[in-house]
C-alpha cells in the first residue's frame, strides 16, 4: 500500500516536472504541498522542494528574459529610428553635394561640429570659361537642345576639373568659375592650366562627335593667380539668410576680365600665372591688355596647344 502511495506521489512530481518543462506552472501548489515532511516521505519532500526551487529559478530567469526582451525591443526601435535619421541625412548629404563646392564639403568633413568657413587669404588660381556665341546659339536652338549641349560639354569638363583638383565654384548659363587651391602656388597654377588644356582638347572631341547635328562650339578661358579672400559670405534680407562660399578680390575679377577678352577658344593667362607655368607649357607672346574696369593694363599670354 505504501508503495502505491509513493508511486502516486512520484507521478505527481513527474507530472509537475513535465508541466514546468513546457512552461506551465499550474502544478506548483501540488509541489508545495509535497514539501511537507510531516505528511510525506523525506525523499518525496526533498524532491518536491528541489522542484520548487527549480521552478522559482526558472520563473525568475523567464522574468529577467522578458525584461531583457522588452529592453531589446525598445533599443531596436530606437536603433531603427536612428538608422532612418542617418539614411535621411545621407540622402540630404548626397543631394547637397551636388550643389555644395567640394572645398566646402572637405571643410565640413574635417570638422563636422565646427567647420571653419570664415574667409582666409589664400594664394589660388581662378579659371573662368564661357562658351563662345552662346546667346546666338540659344536663339537658334530650342531650350531642350541648349540644355543638352550645356550638359554634354560641362559633364565632360567636370571630369577634367576634378582630375586636376579644381572645384567648380559658380555656374552662370554658359560659364563656369573654377578654383584651384594648393599650398604651393606653382602646383595650383599648373593644375588650372592643365585643366584648361584638357577642356580645350575635349571640346574638339565633342564637336567632332556632334558633327552634323550641332555647330561646333568654342570655349574661351581666362586664368589668373594670386592672393584672394576665400571663404563664406552671408547675405541677410527680408526673405532670410543666404550663404555663398567663394573667392573674392582682384584675382577673381581679373580672371573674369581675361576670359572676356579671350576669343576663338583661346586660353589666356596673366603673368601671375605664366610665371609659375612657363617651363611646363608653351606660351605665346606676352602682351599688355586693357581690361574693363581695371585701371592698369595687364600682361597676358596665350597658352599654345599643339
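In table form, for the structure just shown:
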| quantity | calculated |
| --- | --- |
| Fewest-first ranking of 154, 63, 51, using other Cβ atoms within 10 Å as the exposure measure | 63, 154, 51 |
| Residues 72, 127 arranged by fewest to most Cβ contacts within 10 Å | 72, 127 |
| Packing-based exposure ordering (other Cβ within 10 Å, fewest first) of 130, 264 | 264, 130 |
| Prolate/oblate/rounded label for segment 116-302 (Cα gyration tensor, a/c 1.5) | oblate |
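Rule-based calculations on the coordinates, nothing more; no lab input. Please read these numbers as outputs of a predicted model, since none were measured by experiment. Neighbour counts are summed over all protein chains in view; Cβ atoms, including those assigned to glycine, are modelled from backbone coordinates with ideal geometry.
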